[in-house]
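The values are calculated or read from the model by the stated rules, or taken from the named source; none is laboratory data. Given the structure is predicted, the values throughout are model-derived calculations rather than measurements. Cβ: placed from backbone, ideal geometry, glycine included. Neighbour counts: every protein chain shown. The accessibility values were calculated without ligands, DNA or RNA, using every heavy atom of the protein model including side chains. Shrake-Rupley method; radii C 1.70, N 1.55, O 1.52, S 1.80 Å.
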Amino acid sequence: MSSTEPARPPVHVPVLLERVTELLAPALAADGAVLVDATLGLAGHSLALLEAHPGLRLVGLDRDPDARAEAARRIETAGFSDRVTLVPAVFDELSDVLERLGLTEVHGVLFDLGVSSLQLDRPDRGFSYSADAPLDMRMDPDGPRTAADVVNTYSSRDLARVLRVYGEERFASRIAAAIIRERDREPFSRTGRLAELVRDAIPAATRRTGGHPAKRTFQALRIEVNDELGVLERALPAALDALAVGGRIAVITFHSLEDRIVKQTFAADAADRTPPGMPVPLPELAPVLRLLTRGGEAPGDAETAANPRAASARIRAAERIRRAA
């Protein structure tokens with residue numbers, strides 16, 4: 001490329017794309033099938049599914065206006081706009097969105113959790129510890145609470161809880177105490193200062209392994225700012241309830257807390273709830289889901305080599321086999 005040509009935008013690589021396409025395909029093949037992409041992002045998975053299924057209708061949810069705008073551009077460029085409805089919404093609003101659209105059931109639901117490529121690659125959004133930027137981390141730029149609000153107003157105990165639970169950070173108390181000392185001198189407003197503080201608060205021997213020392217702290221703050229686990233706990237039952245018989249759901253997670261919620265929710269609906277000792281299974285207590293994956297499936301070595309962001313991804317999927325009684 002010559003120096004006078006404009007730089008091309010970075011290529012968006014959807015995680016576990018082939019597996020998502022394979023798992024959802026049986027539910028999306030019929031004309032008029034409806035897929036809800038509850039975390040639209042840059043629409044990488046959705047574009048592949050729209051291309052694979054010419055009769056598919058897509059409802060795409062995303063709270064991030066930048067992501068929706070870029071997704072809309074990509075969908076229009078691909079010629080799929082007439083089959084797509086984009087909605088500014090958090091995915092725990094799924095039931096309300098479907099009701100407004102007059103949809104009583106859907107045939108597929110996809111969740112690709114965590115932070116999107118667009119958010120990571122825009123330093124001004126404050127998600128990354130690798131560039132100095134405003135300490136924001138809101139997926140919805142109009143959201144009520146920033147990472148700076150959390151860091152500057154939470155008590156030491158609450159900060160330590162957030163870091164320990166959401167970041168699985170074993171030095172949570174040390175980091176929280178350091179934040180309190182520093183914010184008393186000057187409130188935090190930039191990612192660079194926070195990342196440096198976290199690095200200094202962690203013992204030197206620990207800093208030599210495990211990636212950037214601030215990774216877990218930034219993850220924890222992002223989850224807290226956006227209520228990611230609470231949203232997921234509310235959204236999954238609504239998504240399962242919306243599935244038609246034969247409909248399928250696929251969920252991509254990026255850390256153990258998300259995966260645990262998905263595992264437990266799926267397992268509860270895949271279990272036979274007939275009380276022990278009953279002579280025959282009770283039909284009204286039979287499973288409503290069939291699990292399609294053995295545990296949380298990881299991407300292959302080739303995918304993680306080509307796309308390092310996929311390394312921590314896991315996918316679980318299930319199919320609705322009957323309506324609940």
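Distance from the C-alpha centroid of region 279-306 to that of region 131-193: 36 Å, rounded to the whole angstrom. What angle do you read, to the nearest 10 degrees and between 0 and 90, between the alpha-carbon axis of helix 156-166 and the longest principal axis of the chain? With rounding to tens, the tilt is 40 degrees. Taking all Cα pairs closer than 8 Å and separated by 6 or more residues, the relative contact order of region 151-210 comes to 32 percent.
Stokes-Einstein diffusion for the chain, with the hydrodynamic radius set to the Kirkwood value over Cα pairs and evaluated at 4 °C in a medium of 1.567 mPa s, equals 61 µm²/s. Taking chymotrypsin sites (Phe, Trp or Tyr not before Pro) across region 45-151, none is in a DSSP loop with at most 10 further Cβ atoms lying within 10 angstrom of its Cβ. Ligands, DNA and RNA left out, the 1.4 Å accessible surface of the chain is 52% carbon and sulfur atoms.
Who wins for biggest fluctuation among R157, R190, R83 in a Gaussian network model of the chain, springs between alpha carbons below 10 Å? Answer for the Gaussian network model of the chain: R157. In whole angstrom, region 213-267 maps to an equivalent ellipsoid with semi-axes of 26, 11, 8, each derived as √(5λ) from the alpha carbon gyration tensor and ordered largest first. Taking only the Cα atoms of region 123-234, the radius of gyration and Dmax are 13.0, 40 Å. Cα centroids of region 235-276 and region 18-90: 21 Å apart. What the chain shows is 48 Å² of accessible area per residue, with the surface traced by a 1.4 Å probe over protein heavy atoms.
Relative protection proxy for 30-42, 144-156, from highest mean packing down: 30-42, 144-156 (other beta-carbon atoms within 10 angstrom).
Angle of helix 17-28 to the longest C-alpha principal axis of the chain, folded into 0 to 90 degrees and rounded to 10: 30°. Our summary gives region 50-154 a relative contact order of 20 percent, counting only alpha carbon pairs under 8 angstrom and 6 or more residues apart.
Could you tell me how many degrees, from 0 to 90 and to the nearest 10, lie between the Cα long axis of helix 228-242 and the main elongation axis, the longest principal axis, of the Cα atoms of the chain? Roughly 10 degrees between the two axes. Taking a ≥ b ≥ c as the square roots of the eigenvalues of the Cα gyration tensor, region 29-124 is classed as oblate, since a/c reaches at least 1.5 and a/b does not exceed b/c.
For a modelled paramagnetic label at T104, 7 Å from Cα along Cα-to-Cβ, the residues of region 209-238 in reach, with backbone nitrogen under 20 Å, are 238. Under the combined filter of DSSP loop state and at most 14 neighbouring Cβ atoms within 10 Å, region 64-112 retains these GluC sites (Glu not before Pro): E105. Note: region 171-325, Cα convex hull, 182 Å³ per residue. Annotation: extensible slack from T304 through A69 equals 81.8 nm (criterion: 0.36 nm per residue apart, minus Cα-Cα distance). Between the beta carbons of R170 and D82, assuming R0 = 45 Å, the FRET efficiency works out to 0.30 to the nearest 0.05. The listed peptides 261-267, 302-308, ordered by packing as a protection proxy, come out as 261-267, 302-308 (highest mean of other Cβ atoms within 10 Å first).
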